[in-house]
Amino acid sequence: MSGSTARSVLRPERPVLVAAIIVTVLVTAWLFVPTMQGHVAMMNVGSVDVTTSNSAVTDGGEYLTTTLSIHNPTRRDIVFYSGLIHVYDGETQLSDGTTTPFGETTIPARETVTLQVEIDLNPDRVSRTKRAVRSGSASFSGGLRGRIGKEGIHVPLHAGGSN
């Protein structure tokens, strides 16, 4: 490399233009990386796993309490704030079909969190719910509502017995 070429690389003729290009590249990267991570997390939201365990009917029979285990394999935190969770015994719906609210719960990236929820029961089916929980025939369906960043998501609940 000749002396004049080395000098022009170290001291460009248009330093403002070079600085503008560098700033543009840095700002673009700063904006692009989080956005791309959010899109990748949204594409992988189908791999979030929600299962139930430790179900019991409260003493008053108003609620069925169950523990949700939520595994987030994505690279972004997920915030859940409610769910529409139904409880069944065979084809018979035991829950009252309303939204199951709970406080905002953050599931950190690549972690599993357990959350206890109360599901409103149909008052006419409390004794059947107790029998279904004791026998292990109670099953769950529905999903959780939440968000990754500012994007709303819905994650299905995996059906199964109430262990």
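The values are calculated or read from the model by the stated rules, or taken from the named source; none is laboratory data. A quick note: this is a predicted structure, and the numbers were derived from the prediction, not measured. As a convention, Cβ positions derive from the backbone with ideal geometry for all residues, glycine included, and neighbour counts pool all protein chains shown. These area figures cover heavy atoms from the full protein model, side chains too; ligands, DNA and RNA do not enter into them. Shrake-Rupley method; radii C 1.70, N 1.55, O 1.52, S 1.80 Å.
Before moving on, here are some points about what is shown:
- The range 80-163, accessible surface, carbon-and-sulfur percent (1.4 angstrom probe): 45
- In terms of packing, defined here as the mean over residues of other Cβ atoms within 10 angstrom, the peptides 13-21, 120-128 line up highest first as 120-128, 13-21.
- Karplus-derived 3J(HN,Hα) values for the range 53-67, using 6.51 cos²θ - 1.76 cosθ + 1.60 with θ = phi - 60°, are 7, 6, 8, 7, 8, 5, 4, x, x, 7, 10, 10, 9, 8, 9 Hz; glycine and proline are entered as x.
- Length gained when the stretch Ser69-Gln116 is fully extended (0.36 nm per residue, less Cα-Cα span): 16.0 nm
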